[in-house]
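The values are calculated or read from the model by the stated rules, or taken from the named source; none is laboratory data. Note that the structure is a prediction, hence the values are computed from the model and not measured. Every residue, glycine as well, gets a Cβ built from its backbone with ideal geometry; the counts of neighbours run over all protein chains shown. Side chains are part of the model used for accessible areas, which takes the heavy atoms of the whole protein and leaves out ligands, DNA and RNA. Shrake-Rupley method; radii C 1.70, N 1.55, O 1.52, S 1.80 Å.
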Amino acid sequence: HGIQEALLSEARDFAREFFHLPMAAKERLSIREEPSRRGYQFVGENITQGRPDQHEAFDLYRDMPPVTPAQARAPTNHGVNKWPAELPQMQPFFQDRYVSAMHDLGGVLMRGIALGLELHEQHFQPFFTSSFWIMRLIRYP
């Protein structure tokens, strides 16, 4: 995939540090009162097929502040990520470096799909200039 191991290692390190924060720090980032569903989920809070998942998670989305009243009322895609004050370098790492690398990888995949469909290599590029992304860090205790 071409993603540098050092970048992946740093992402895992941030995830490990986040999940080892005191519970009070993670509670301040809870999704419970967050209509955009960004933030921390406690063990058992996420439900899959009617059953509580046995993991804790930290959900991040592309920052998209609501700009209209309708977006503020139905903010699933509109909102701003919460970040732990205890890890000040976590936000610039994920929002700048990590997402950029994943966006570049997505471009490589889209060029391959275009070529496989016998289209011009850059056929899909105009559609991915400001991609909406979702990221979840998960820890199984």
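Any chance segment 25-47 includes a residue that's at pLDDT below 95, loosely packed, with under 10 Cβ neighbours inside 10 Å and part of a loop (DSSP other than H, G, I, E, B)?
Yes, there is a match, as at least one residue in segment 25-47 is at pLDDT below 95, loosely packed, with under 10 Cβ neighbours inside 10 Å and part of a loop (DSSP other than H, G, I, E, B).
When you scan segment 51-74, how many residues do you find that are touching a residue at least 60 places away in the same chain (Cβ under 8 Å) and either of a type outside the set (D, E, K, R) or open to solvent by less than 60 Å² (accessible area, probe 1.4 Å) (or both)?
The qualifying residues number 9.
Take segment 103-124 and flag every residue that is open to solvent by 60 Å² or more (accessible area, probe 1.4 Å) and either closer than 23 Å to Q4 by Cβ or under 12 Å from the mean Cα position of the chain (by Cα) (or both).
H103, D104, V108, L109, R111
Under 8 Å between Cβ atoms, at least 6 apart or on separate chains: pull out the pairs that start in segment 24-40 with a residue that is in contact (Cβ under 8 Å) with a residue 12 or more places away in the chain and over 19 Å from E86 (Cβ atoms) and end on any residue that is surrounded by 17 or more Cβ atoms within 10 Å (Cβ to Cβ) and not aromatic (F, W, Y).
Final answer for the pair search is P35/P75; P35/G79; S36/P75; S36/H78; S36/G79; R37/I31; R37/D59; R37/G79.
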